[in-house]
Amino acid sequence: MSDRDAQKARAAGRAVEEVKNGMVLGLGSGSTVSFVLDALAARIKSGVKIAGVASSERTAVEAKRLGIPLTDFAAHRRLDLTIDGADQIARGGLDLVKGLGGALLREKMVALASERMIVVAEESKLVDQLGGATPLPVEIVQFGWELTLDRLKAMSATPRLRYAQDKPFISDNGNYIADCGFTAIPDPTELDRSLRSLFGVVATGLFCGLATMAVIGTESGVEILHRRVAL
Ligand code: A5P
């Protein structure tokens with residue numbers, strides 16, 4: 001296992017310690033969440049009863065393979081806890097950039113429905129300020145995507161339509177994704193609001209005020225961060 005994967009696995013293992021019998025979970029998406037699902041499957045084998053709402057088709061497939069019971073919002077309007085990965089985590093407020101794996105809209109719906117959200121990641125994801133080298137994924141409708149990219153450019157973003165195997169990438173919701181470069185994101189909440197007001201934008205990968213705790217896998221263990229609320 002690579003060093004990065006070992007850090008992801010350590011973070012996942014510690015986060016899953018927060019799962020209690022009877023909880024209904026939000027199951028995030030991505031490679032770190034794969035370690036979370038493995039750890040959840042082990043808890044289930046040892047007798048813990050849980051159910052989860054999957055935030056992507058990939059997570060649903062993995063969860064089924066591992067024997068993790070799935071449920072949905074028809075059965076549960078509120079979830080106890082979501083555990084998900086991130087592409088960037090800002091120290092302090094724990095605002096996040098998410099969606100490089102393409103699952104941002106469902107991930108945000110799951111996080112918004114949860115009492116708590118724990119973000120799990122390796123230490124390279126921790127930053128002082130969001131933006132910079134990591135692009136911000138923005139989910140946009142397919143129709144008129146060229147117009148939406150023009151609107152994003154007018155917001156000082158450098159948007160690129162995401163491709164997968166020579167074709168535009170299509171999300172689980174049938175939308176396109178524009179990866180938007182921002183030199184820095186000093187006010188993530190305001191940027192999220194402005195981007196969502198653009199016609200053609202469905203959701204952004206900015207998760208502001210949602211993560212309550214971060215479990216960061218390091219070389220030697222885990223670091224736990226709690227959200228600091230600005231007064
Ligand atoms: C999925 O679209 C994302 O939001 C992931 O949670 C994020 O990209 C982190 O993924 P990894 O755990 O694979 O780095």
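The values are calculated or read from the model by the stated rules, or taken from the named source; none is laboratory data. Computed from a predicted model, the values in this text were never measured in an experiment. Here Cβ is always computed from backbone atoms with ideal geometry, including for glycine, and neighbour counts include all displayed protein chains.
Descriptive notes on the structure:
- Any hit, the range 30-48, residues being in a strand (DSSP E or B) and modelled with pLDDT of 95 or more: no
- Filter pass, SER31 being more than 21 Å from ILE185 (Cα to Cα), near the ligand (Cβ under 9 Å from one of its atoms), touching a residue at least 12 places away in the same chain (Cβ under 8 Å) and crowded, with 22+ Cβ neighbours inside 10 Å: no
- Candidates VAL120, VAL110: the one that is within 12 Å of the ligand (Cβ to nearest atom), in a helix (DSSP H, G or I) and either touching a Gly at 6+ places or on another chain (Cβ under 7 Å) or more than 30 Å from LEU152 (Cα to Cα) (or both) is VAL110.
- Residue pairs whose Cβ atoms lie under 9 Å apart, sitting 6 or more positions apart in sequence or on different chains, and linking a residue in the range 123-150 that is within 14 Å of LEU100 (Cα to Cα) and touching a residue at least 40 places away in the same chain (Cβ under 8 Å) to a partner that is basic (Lys, Arg) and surrounded by 19 or more Cβ atoms within 10 Å (Cβ to Cβ), are THR134/LYS125; PRO137/LYS98; PRO137/ARG162.
- Qualifying residue in the range 58-75 (condition: within 11 Å of the ligand (Cβ to nearest atom), more than 23 Å from ALA133 (Cα to Cα) and at pLDDT 95 or above): yes
- Here GLY67 qualifies as touching a helix residue (DSSP H, G or I) at 6+ places or on another chain (Cβ under 7 Å) and exposed (fewer than 13 other Cβ atoms within 10 Å of the Cβ).
- For GLN129, the conditions (1) surrounded by 20 or more Cβ atoms within 10 Å (Cβ to Cβ); (2) under 30 Å from VAL222 (Cβ atoms); (3) among the polar types (S, T, N, Q); (4) more than 16 Å from the chain's Cα centre (by Cα) all hold with the exception of (1).
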